[in-house]
Amino acid sequence: MPMTRRLLALGLATSLGACVAPPIPTQRVDARNDRTPVGLGLDSRDFEQAAQAMVRDMLANDRMQPRPDGQPRVMAISRITNDTTLRINTNELLQTIRRELSNSGRIVTTTAVGLDGPSDPLAAQARQLRQSGEFNQRTVAERGQMVAPDLSLSGQIVQRTTRVDGGMQRIDYSFQLTLTNIRTGIAVWEGQEIVSRVGDARAVSW
Amino acid sequence: MKRMGLLLLLAACAEAQQPPAVDPRLVVTPVVAANLLLSSPAVSRLADGRLHVVVTLQNPQPADFPLRVQTDWLDATGAALSTAASRPQFRLLPRGTDTTLDADAPNTRAQDFRMTLDAEGN
């Protein structure tokens with residue numbers, strides 16, 4: 001009897017083990033050779049692609065020339081609105097744009113001026129060291145050293161979802177950016193990149 | 001005499017099978033070489049001194065061809081520059097038509113390039 005029970009338990013354990021799916025091994029992804037599947041949402045490849053295309057378009061624009069003294073234009077980041085169902089940190093898009101523009105030598109970004117205050121408040125805060133006798137005043141930033149921005153970058157990410165034939169849905173994500181000349185208020189460059197997906201209508205993108 | 005004829009025949013075959021000369025800056029996978037016709041890259045400089053590359057592809061096949069293009073930009077020492085411009089791009093080449101690929105160097109430090117063409121999902 002105990003032998004029969006033991007056999008039954010062994011059989012049960014074996015069959016339960018067969019029901020459990022084998023673990024999917026975790027793999028490292030090479031960002032430069034990323035061939036992993038895509039989902040309905042946006043991933044880093046989409047932000048890179050959109051940023052790359054828009055930077056290329058910006059640099060091809062004749063009005064994006066350096067200042068007359070040869071120094072690069074200074075850009076401040078204004079409002080970038082996320083009008084999608086996804087939770088997006090707009091820095092995913094902006095960081096690539098800022099880096100590529102900076103590397104081009106044509107446009108640099110100020111972190112001392114921003115819509116909701118400076119993105120790096122330390123540059124302003126470090127000026128308070130002027131009153132401190134503990135610091136060599138020749139190493140403290142003097143008045144009038146900061147460079148005001150020439151350009152303001154604003155924009156939005158928009159999502160449009162539509163049902164298409166065959167039980168599918170199409171999602172278009174539109175990256176829209178505008179560079180405005182702060183002095184004149186005129187948009188000197190406007191760009192749009194669209195990333196589209198088609199997938200199962202029952203799937204959700206967020 | 002027979003041996004001589006055979007050798008000549010073999011030599012002729014070998015010559016006929018040689019692939020067309022491809023610019024060494026274009027890296028083409030066998031599946032792309034078998035399906036697409038490529039022009040030599042036309043390289044010029046933009047007004048701001050950056051390199052500009054244009055390659056024309058012809059897809060003579062009866063089906064669209066999903067292409068993956070990656071352009072590495074190299075500095076004067078031959079090292080690849082770290083830039084978003086070297087991320088892969090995906091193009092669907094329509095059947096029976098020509099497509100122009102073009103790429104701009106991210107800055108003037110880029111002195112050369114290497115463009116890799118592969119089938120998407122390969």
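Descriptive notes on the structure:
- Scanning segment B:73-103 for residues that are at pLDDT below 95 and acidic (Asp, Glu) turns up just one, B:Asp102.
- Boolean, B:Gly121 is at the interface with chain A (Cβ under 8 Å from one of its Cβ atoms) and over 24 Å from A:Ala60 (Cα atoms): yes
- Cβ-Cβ under 8 Å pairs, at least 6 apart or on other chains, segment A:175-204 side touching a residue at least 60 places away in the same chain (Cβ under 8 Å), far side part of a strand (DSSP E or B) and basic (Lys, Arg): A:Arg197/A:Arg170
- Output for segment A:148-167, where each listed residue is farther than 16 Å from A:Asn82 by Cβ, surrounded by fewer than 15 Cβ atoms within 10 Å (Cβ to Cβ) and not polar (S, T, N, Q): A:Ala148, A:Arg163, A:Val164, A:Asp165, A:Gly166, A:Gly167
- Criterion: surrounded by fewer than 18 Cβ atoms within 10 Å (Cβ to Cβ) and touching a residue at least 12 places away in the same chain (Cβ under 8 Å) - qualifying residue of A:Asn61, A:Asn89: A:Asn61
- B:Arg109 vs. criteria assigned to a loop (DSSP other than H, G, I, E, B), within 14 Å of chain A (Cβ to nearest Cβ) and surrounded by 14 or more Cβ atoms within 10 Å (Cβ to Cβ): yes
- Residue in segment A:63-71 that is facing chain B (nearest Cβ under 10 Å) and out of contact with any helix residue (DSSP H, G or I) (no Cβ under 6 Å at 6 or more places or on another chain) present: yes
- Candidates A:Arg79, A:Arg45, filtered to the one that is of a type in the set (Lys, Arg) and more than 11 Å from every other protein chain (Cβ to nearest Cβ): A:Arg79
- Residue within segment A:53-76 that is of a type in the set (Gly, Ala, Ser) and touching a Leu at 6+ places or on another chain (Cβ under 6 Å) present: no
- Pairing each residue of segment A:13-34 that is more than 14 Å from every other protein chain (Cβ to nearest Cβ) with any residue that is surrounded by fewer than 10 Cβ atoms within 10 Å (Cβ to Cβ) and modelled with pLDDT of 70 or more, provided the two are 6+ apart or on different chains, yields no C-beta distance under 7 Å.
- Residues satisfying the stated conditions in segment A:82-113, i.e. more than 12 Å from chain B (Cβ to nearest Cβ), hydrophobic (A, V, I, L, M, F, W, C) and within 26 Å of B:Leu46 (Cα to Cα): A:Leu94, A:Val108
- Here B:Asp48 fulfils each of the conditions (1) in a strand (DSSP E or B); (2) touching a residue at least 24 places away in the same chain (Cβ under 8 Å) apart from (1).
- Of all residues assigned to segment B:65-73, none qualifies as being over 20 Å from A:Val55 (Cβ atoms) and without any contact (Cβ under 8 Å) to a residue 40 or more places away in the chain.
- Meets criteria (of a type in the set (Lys, Arg), over 11 Å from the mean Cα position of the chain (by Cα) and more than 14 Å from every other protein chain (Cβ to nearest Cβ)) for A:Arg127: yes
- Tally of residues being more than 23 Å from the chain's Cα centre (by Cα) and under 30 Å from A:Arg106 (Cβ atoms) across segment A:16-68: 6
The values are calculated or read from the model by the stated rules, or taken from the named source; none is laboratory data. Please read all numbers here as calculations on a predicted model, not as lab measurements. Backbone-built Cβ (ideal geometry, glycine too); neighbour counts: all protein chains shown.
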